[in-house]
Number of protein chains: 2
Amino acid sequence: MTFIEKLRNRWHSANSLVCVGLDPDPARFPEAFIDDEDALFSFCRDIVDATAGFACAFKPQIAYFAAHNDGEAQLQRLIAHINGCFPDIPVILDAKRGDIGSTAAQYAVEAFERYGADAVTLNPYMGRDSADPFLQYNDRGCVFLCHTSNPGACDFQELDVGGEPLYQRIARTIAGEWNADRNCALVVGATFPEELKVIRGIVGDMPLLIPGIGAQGGDVEATVRNGKTADGTGLVINSSRGILYASSGAGYADAAADAARSLRDEINRYR
Amino acid sequence: MTFIEKLRNRWHSANSLVCVGLDPDPARFPEAFIDDEDALFSFCRDIVDATAGFACAFKPQIAYFAAHNDGEAQLQRLIAHINGCFPDIPVILDAKRGDIGSTAAQYAVEAFERYGADAVTLNPYMGRDSADPFLQYNDRGCVFLCHTSNPGACDFQELDVGGEPLYQRIARTIAGEWNADRNCALVVGATFPEELKVIRGIVGDMPLLIPGIGAQGGDVEATVRNGKTADGTGLVINSSRGILYASSGAGYADAAADAARSLRDEINRYR
């Protein structure tokens, strides 16, 4: 089964468009993890186990592991745990990689073989040949940055390139030329709902990974109404901090489950 | 001492603009490393020791470590070796990172604190706030992609954005607005010498990291003539494969030294 098939199945079987983002920040962990040498793994595992029923995908952010010695080993264990215990839930490794072909091939090994991720986020700035080594894994997913959720998204992504903004040109290029194996998806920030609507119009039913709700201020209703496909799916709506740190007390896992369930329900009201 | 000062000192003291790229590919290692569990480290250490006298910088490419279990620990040892044995030679971690601020802060810890790199390569697509957590380390270097060396560089980087190509707008924005602490540099591929000339005109004496000579086909004479500053420096001209794999026999280290010396001399003829 390909990443896209796995995702579509999960949207329906879990009746959820919620992606649980795994951005482990030890400074915000509950007390129980203070002396835990494997806290990055243990905390995220508990969140995974608590929220799996409400998730269409998990998205570990590699930077939060890479900032620590030995963090990668814990990320490997975490993804192995998800793949072992929840094989129906796709894992999107958020790494925003991108480099010339020979180097990109190494990054593709990192994401798809070493970590066993179903999909990886990628930066399209270096162009087609920088994407090819990832695209060639045609059972996996390539999730390219299009219009990001941060304020600086306007600096270059919105520049006019011959009658349309750069992010639209990128969406059109990826949907039209890079997606021959139908293994592409795009990142579009919830903080730009009008742009989301335009992108949905360009890319057909391509999955869109949506960061930016919660801490970053994106609106759930506008995101769902502007981003969904005709069948009420098409979106992978990420929440990281709002789920992970719903409570810093002993009930952190239950609080995370409540936050994920509540986000699922809020999203479903507008599908 | 800042990254830029360290680099300027090294250009003069070593009389070299050569950057030795450390892209360790076990499939190309000499026989001596076949049973070496730390081969990524050991091979690169030998190359570093052999070529240090001819190098203005070392540039480990993190993808070649990240493709392997435990590769990061070997990269840490390698950079610690360079910092310990060759403290005058700056280390540029080639990682092409870029993400929203809170995540970028984690990547900055990865590059500057965990690995102890003097500089890191970054992707500017996400805009200013994605760069800030790196820029705030004002003694380190932020080396942003501008016009890359690969064929796909033309796909988006050369799109016209209101009278100039995107890569020029990016060069102008970084030189004008992002470089308040004078800790920025740009990546410009040797395979695009005319574009290199234009960029040099935009950015003054900002250092330019130049991939693309050797295996990728960039021309040394055109690179130096079009890219150097008035004092004959300003360039960090990378060679990876041409130095690392100059010989696959027992004399690999001597062959690497010869290749680095010979590139230094060729560059110096045109300064």
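Please treat every number below as a calculation from the coordinates, not as lab data. Everything numeric in this text was worked out from a predicted model, so none of it was measured. Heads up, the Cβs are rebuilt from the backbone with ideal geometry, glycines too, and the neighbour counts pull from every protein chain shown.
Label-point spacing at residue A:84 relative to the other copies reads 3.5 nm, in ascending order, each point sitting 7 Å out from Cα along Cα→Cβ.
A viscosity of 0.890 mPa s and a temperature of 25 °C, combined with the Kirkwood radius over Cα pairs in Stokes-Einstein, give a translational diffusion coefficient for chain A of 133 µm²/s.
Can you compute the helix-only [θ] at 222 nm over the protein assembly as shown? Use -39500 (n - 2.57) per DSSP H run of at least 4 residues, normalise by all residues, nearest 500 deg cm²/dmol.
Helices in the protein assembly as shown give a 222 nm mean residue ellipticity of -12000 deg cm²/dmol.
Evaluated over the protein assembly as shown, the count of Lys pairs having alpha-carbon atoms less than 20 Å apart is 11 (only pairs 8 or more residues apart or interchain). Computed with the Debye formula from one identical point scatterer per Cα of the range B:1-41, without solvent, the log10 of I(q)/I(0) at q = 0.17, 0.19, 0.21, 0.29 Å⁻¹ comes to -0.64, -0.67, -0.69, -0.97.
Taking 0.36 nm per residue of separation and subtracting the Cα-Cα distance, what length does fully extending residue B:197 through residue B:172 add? Intermediate results must be reported in sequence, preceding the final value.
On the way: separation 25, 0.36 × 25 = 9.00 nm, distance 1.38 nm.
Value of the extension gain: 7.6 nm.
With r as the distance between the Cβ atoms of residue B:241 and residue B:221 and R0 = 25 Å, compute the FRET efficiency 1/(1 + (r/R0)^6) and round to 0.05. Working shown, then result.
Details: r = 20 Å, r/R0 = 0.80.
Rounded to the nearest 0.05, the efficiency is 0.80.
Shielding by partners for A:103-114, please: the mean number of other protein chain Cβ atoms within 10 Å of each residue's Cβ. Mind dumping the intermediate values first?
Details: counts 11, 3, 3, 12, 7, 2, 5, 8, 2, 0, 1, 5.
Per-residue shielding by partner chains comes out at 5.
Inter-part distance, the range B:89-165 to the range B:229-258, computed on C-alpha centroids, equals 24 Å.
Provide the packing ranking of A:95-101, B:16-22, i.e. peptides ordered by the mean count of other C-beta atoms within 10 Å per residue, highest first. Let's see the in-between values first.
Values: A:95-101: 25.0, B:16-22: 27.3.
Sorting A:95-101, B:16-22 by mean packing, highest first, produces B:16-22, A:95-101.
Can you compute the label reach from residue B:182? Point 7 Å from Cα along the Cβ direction, backbone N cut-off under 12 Å, restricted to the range B:4-24. Zone members listed by number: B:4-6, B:8.
Considering only alpha-carbon pairs that sit under 8 angstrom and 6 or more positions apart, the relative contact order computed for the range A:3-269 is 21 percent. With its label point defined 7 Å out from Cα along the Cα-to-Cβ axis, residue A:26 lies at 2.9 nm from the matching points of the other copies, in increasing order. A label point on residue B:177, set 7 Å along the Cα-to-Cβ line, lies at 2.8 nm from each of its counterparts in the other copies, closest listed first.
For the range B:104-164, taking Cα atoms only, Rg and Dmax work out to 13.7, 42 Å respectively. Placing a label point 7 Å from the Cα of residue A:5 along the Cα-to-Cβ line, the residues of the range A:136-154 whose backbone N sits under 15 Å from it are A:138-141.
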